Amino acid sequence: MAGGTDVHEPFDINADTLREECGVFGILGHEDASALTALGLHALQHRGQEAAGIVTVDNEQFRAERHLGLVGDHFSDAETIERLSGKAAVGHVRYSTTGETILRNVQPLFAELDGGGIAVCHNGNFTNALTLRRQLIRDGAICQSTSDSEVVLQLVARSRKGKIVERFIDAITQMEGAYSLVALTSKKLIGARDPLGIRPLVLGDLNGAPILASETCALDIIGAKFIREVENGEVIVCTTTGIESFFPFGKRPARPCIFEYIYFSRPDSVVGGRSVYDVRREMGRQLARESNVEADVIVPVPDSGVPAAIGFSQESGVPFELGIIRNHYVGRTFIEPTQQIRALGVKMKHSANRAQIEGKRVVLVDDSLVRGTTSVKIVQMIREAGAKEVHFRLASPPIKYSDYYGIDTPVREKLLAAKYGLEEMRAYIGADTLAFLSVDGIYKAMGYEGRDDANPQFTDHCFTGDYPTPLTDLSEDQDFVSPPRLVEVG
Ligand code: SF4
């Protein structure tokens, strides 16, 4: 049995992927601020499904709604939106990497400071937050959550600078790692991107109301105009009278996360001036240039593998077919009285489209391979549908290193490519051949000659191990992961 996995266990074809941590949204000066924020978060739901929250401000009065679960489950009723009155709002969808999935970790986080309140939302991960948090607690800070994001609020509160923007800048200049932040005070909407711009943030406008969002798809859903990307290392301050920018880190070359193009961002978003869909299709074309194989049909692993599979098909000239059909109405799981029925359950979410597979040499195209557990089952499902050969192609390089910048990656030992070479991985997933897009290939797909090792154009350390910032919390072998003192039992 390939890879020691029970292929008859029900499986989620998208289980073995990296998970992006969070999406942020903010708007200032609009009547429907909370409704527009709920829509923006809905468009960003792919960046986090564990929890969602919105904070509004109306004449110095802040109002908050935070819930575990999806945006649509909690922010689609008129009463909730009416309760969140005010012409300014910030919102957050969460997928936790630091801090448990408990209500007190749900963002936006809020603090009452002298001079007024501030709400903060964070996408990314601070690689020195645990070190700073320990120091803050030693100095008497009372932390309300176990989330790394709260450290920013604590530092803003302790800053001895004058104005709120100065205090905010004072705080973020002490942070390391990856972050896109959106904050709201009674009069300002503030955004910030880390000095390398690892996580995305864009500026939009809706009838004069400035908007900050993780991705352009959140602007599209509300009919807002895309203005520009918030630059790496920029602190942008929006008020009802205009927009001001600060660059407290000086100018540096950007190194955005390349995985936003591979998997995290929605295909209809434009990131760094590039259509994510076009980039993924080009990755598929480059993959075919690098590792084409005699075949009869190109089949995407839905949904994230679709653009790359189209590119592979266009480049190789081999027809593209939907050989795996996704059942969009999975919903309630069926009672499975016997193992036999359970085995049937395997096809609950995805099933092989036998007519496109049987007797054929199939090329399966997916965006990335992490643990390999799901790939084993996909290959098995395609073989059971009668495929003559199964060739697996990944539109990204092998993932060999864990992420510490806001992506939920398994520990290194669980990464298939960190354990095995290409041939062992091929045997593990049970494919006839296996190939990954090369690191240089992914840079070519982005329009470069290749990777500039002296000044890499992107953050790509899950493939290269080249971590772009210090990892302070990892350097100190202290038991940072001590369990939270307070556990919510009610
Ligand atoms: S390891 Fe780097 S390139 Fe990979 S997902 Fe994380 S930030 Fe992006």
In the range 23-254 the accessible area split gives carbon plus sulfur, as whole percent at 1.4 Å, a share of 51
Other residues with Cβ under 11 Å from the Cβ of G450 give, with Lys and Arg +1 and Asp and Glu -1, a net charge of -2
Residue-normalised value, i.e. accessible area per residue, for the range 66-161 at 1.4 Å probe, in Å², stands at 41
At R0 = 25 Å the Cβ-Cβ FRET efficiency linking E79 and I227, nearest 0.05, sits at 0.15
Packing-ranked peptide list from 297-308, 140-151, highest mean Cβ count within 10 angstrom first, is 297-308, 140-151
Rounded to 0.05, the calculated FRET efficiency for the beta carbons of R354 and A111 at R₀ = 45 Å is 0.20
In this structure, among K377/K400; K349/K444; K87/K161, pairs with alpha-carbon gaps over 25 Å are K349/K444; K87/K161
With the 8 Å Cα cutoff and a minimum separation of six or more residues, the range 422-470 has a relative contact order in percent of 19
With R₀ set to 25 angstrom, the calculated FRET efficiency between the beta-carbons of D58 and N207, to the nearest 0.05, is 0.85
For the range 23-254, Rg(Cα) over 2.2 N^0.38 Å is 0.91
Mean separation of Cα contacts under 8 Å (at least 6 apart) over the residue count of the range 188-322, i.e. the relative contact order in percent, is 20
Two pseudo-spin positions, 7 Å from Cα along C-beta at V489 and at K388, lie apart in nanometres by 6.6
Stretched fully, the stretch from D452 through I243 gains (0.36 nm per residue minus C-alpha distance, one decimal, in nm) 71.8 nm
The local net charge around I222, scoring Lys/Arg +1 and Asp/Glu -1 for residues other than I222 whose Cβ lies under 12 Å from its Cβ, equals -2
The ³J(HN,Hα) series, computed from each phi in the range 143-153 with the Karplus coefficients 6.51, -1.76 and 1.60 at θ = phi - 60°, rounded to the nearest Hz and given as x for glycine or proline, is 7, 8, 9, 10, 7, 5, 4, 5, 4, 4, 4
Scoring the range 23-254 by relative contact order with C-alpha pairs under 8 Å, at least six apart, yields a percentage of 21
Semi-axes (Å, rounded, descending) of the ellipsoid equivalent to the range 172-309 per its C-alpha gyration tensor are 34, 18, 10
Karplus ³J(HN,Hα) for the range 37-53 (6.51 cos²θ - 1.76 cosθ + 1.60, θ = phi - 60°; Hz, whole; x = Gly/Pro) runs 5, 4, 5, x, 5, 4, 5, 9, 4, 5, 8, x, 10, 7, 7, 8, x
Residue-normalised 222 nm signal for the chain, counting each DSSP H run of n ≥ 4 as -39,500 (n - 2.57), nearest 500 deg cm²/dmol, is -7000 deg cm²/dmol
Calc'd 3J(HN,Hα), the range 72-78, phi into Karplus 6.51 cos²θ - 1.76 cosθ + 1.60 (θ = phi - 60°), Hz, glycine/Pro = x, comes to x, 6, 10, 10, 10, 9, 4
Along principal axes, largest first, the alpha-carbon spread of the chain in whole Å comes out as 71, 56, 49
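The values are calculated or read from the model by the stated rules, or taken from the named source; none is laboratory data. If you're wondering where the values come from, they're calculated on a predicted model, not measured in any experiment. Note: ideal-geometry Cβ built from the backbone for every residue, glycine included; neighbour counts use all protein chains shown. When the accessible area is computed, the model is the full protein with side chains, heavy atoms only, and any ligands, DNA or RNA have been set aside. Shrake-Rupley method; radii C 1.70, N 1.55, O 1.52, S 1.80 Å.
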